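The block underneath contains the structure these notes are about, expressed in structure tokens.
The values are calculated or read from the model by the stated rules, or taken from the named source; none is laboratory data. Treat the numbers as computed from the prediction; the structure is a model and nothing was measured. Note: ideal-geometry Cβ built from the backbone for every residue, glycine included; neighbour counts use all protein chains shown. Note: areas computed on protein heavy atoms with side chains; ligands, DNA, RNA excluded. Shrake-Rupley method; radii C 1.70, N 1.55, O 1.52, S 1.80 Å.
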Amino acid sequence: MTATVPEHAGAPGSADAADGSARAWPAWATPLVIACCAGLALASLAGPSVPTYDPTAWMIWGREIAHGTLETSVGPSWKPLPVMVTAPLSLIGDTATADGWLVIARAGMLLALVAAARVAWRLGGVVAAVVAVIALALVNSLPYHAFRGESEGLLVALALWAVDATQTGHHRRAFALAVLAGLLRPEVWPFVVLSGLWLVLRARRVAGTRAAAATAAAVATIGLGLAALWFVPEKIGSGRFLRGAQRAREAVAGSPGQTDHPFLSVFTNSTGALSWPVYAGAVVAVALAGVALRRRRGGRQVAALAAAASLLMVMVAVLAQGGFTGNLRYVMLPASLLAVLAGVGWSGVLAWTRGRAGLAAAIALAVVLAAGAAPFVAADVSRVHRQYGKAVKEAQVYGDLPAAIAAAGGRDAILRCGPVWTSPTATQAAAWLLHVPEKAVGIHPTPPGTLFAPWYSPRVGDDRFALVAKTGRWVVRAACVR
């Protein structure tokens, strides 16, 4: 994501509209933007806000690390970066951990929009920036995952800011951001390697062989640290270095990984990530970049972004062929790159029209294109609204679980009763609130023990357990140890 983008973008008017020094902003602006995004994310906690399945597991693991009792034998795949955040937050308290991670995840989505605007602006101007932001904000499920505390928004933010740093010539910053992204998704690792190699070659060119050797040693050390953070905690917590990979390969019904042709299914399943005007704009951007490259008038950055998106998609497809799910959430990063390219493509079309037919023709074409895209945008906005409503309902269900625990007599009474049972999607929340390892909460209830059944579960009527309490969204039943 970083090393493939050249230090200079090309001459103004080409597919790479300006070099990194153009359209820069002052150094104080970045902390201000981060603060504003964090403030908006903090304000979003005023609504229903409870982390969902994966983020809650990261919170549990962070708390266990802080107390020296890491247990990762069950639960989702391990992700180092979230746990590196939740571990210190856990020392402040459970509420601070949950709210703190939600703020980071949601601020990541907002920062991704800012980065998309900056990258697209350099490549195609203000029109490219506006289109890129709209396209990214409407990527299927990306805002939904960010709102729920998943890491996709943060991943896209780190990757796009790495591209931004490379555009402006801040190669060490780009490498650092790529490493952080590599702590969220293994598919980013090849780009970390390329970025590190770029640093080594640049050090050799600028400062000589000795500096290159020192840089290579530093890059290699960081690479080993990256690998260690992925595999060593899993070995400590589960006894298996590759437990996370094995968990990620568990069959998920309806996923591309379960079809007859997983590799191809990843691409067909992913068509819904973006609307057709976005795909068309990205194709146009690549075509214009190809023309610019042939004429030696730029185009390298656009080509690099397109190549990165393609490589990421191929890696997801290969992993699906090897047994991983290949679900839509795993293509959020390549989709975000296409969103940026779409902005560059449509901006390029308008610039080409203006250069050959005048400003009036360009404005007329912009109106036509906007009208043609409007139905797709409206459909995407409606989808985002539906997904937001779904996320709110999920947060309300999780948010009512503490009341159900209190109604059942509290943590100590529940644990004295025997094992704890609940629905598959609520195991992490129950373990988090009861301060027990994830494996202590089961999904196939058998007396004795306490059963927490969400209102929609058929288990609400399980008469093997006596009714203990009801809340707005939970039914609690128990058959305690005699």
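Structural remarks
- Sorted peptide list for 288-295, 319-326, criterion being average Cβ within 10 angstrom, highest first: 319-326, 288-295
- Potential extension, F241-A403 segment - 0.36 nm per residue separation minus Cα distance: 54.5 nm
- Once the C-beta distance of A361 and V481 is scaled by a Förster radius of 60 Å, the resulting FRET efficiency is 0.15 to the nearest 0.05.
- Protection-proxy order for peptides 37-48, 417-428, each taking the mean of Cβ atoms within 10 Å per residue, highest first: 417-428, 37-48
- The range 132-193 shape via C-alpha gyration tensor axes, a/c threshold 1.5: oblate
- Rounded, prolate or oblate (a/c below 1.5 giving rounded, otherwise prolate when a/b exceeds b/c) for the chain by Cα gyration tensor: prolate
- Label-to-label distance for A371 and R173 is 4.3 nm, based on points extended 7 Å past Cα in the beta-carbon direction.
- Angle in degrees between helix 189-207 and the longest Cα principal axis of the chain, rounded to the nearest 10: 50
- Percent RCO, i.e. relative contact order, over the chain, from Cα pairs under 8 Å lying at least 6 residues apart: 19
- A cysteine counts as unpartnered when no other cysteine's C-beta lies under 4.7 Å of its own; in the chain this applies to C36, C37.
- C-alpha center-to-center spacing [the range 134-158, the range 243-272] in angstrom: 20
- Residue-normalised accessible area of the chain, given per residue in Å² at a 1.4 Å probe: 44
- Solvent-accessible surface (1.4 angstrom probe) belonging to I104, in square angstrom, nearest 10: 60
- Within the range 27-60, chymotrypsin sites (Phe, Trp or Tyr not before Pro) in DSSP loop having at most 10 other beta-carbon neighbours inside 10 Å: W28
- Fraction of beta bridges assigned by DSSP in the chain that are antiparallel (%, nearest 5): 65
- Relative packing of 142-148, 330-336, 261-267, which averages over residues the other C-beta atoms within 10 Å, highest first: 330-336, 142-148, 261-267
- Lysine pair count for the chain (Cα-Cα distance under 24 Å; residues 8 or more apart in sequence or on different chains): 5.
- Computed E for K439/A466 - FRET, C-beta separation, R0 25 angstrom, nearest 0.05: 0.45
- Label-point separation in nm, R297 to A228, each point 7 Å along Cα→Cβ: 5.2
- A simple spin-label model places pseudo-atoms 7 Å from Cα toward Cβ; at R386 and Q258 they are separated by 2.1 nm.
- Rounded, prolate or oblate (a/c below 1.5 giving rounded, otherwise prolate when a/b exceeds b/c) for the range 393-482 by Cα gyration tensor: rounded
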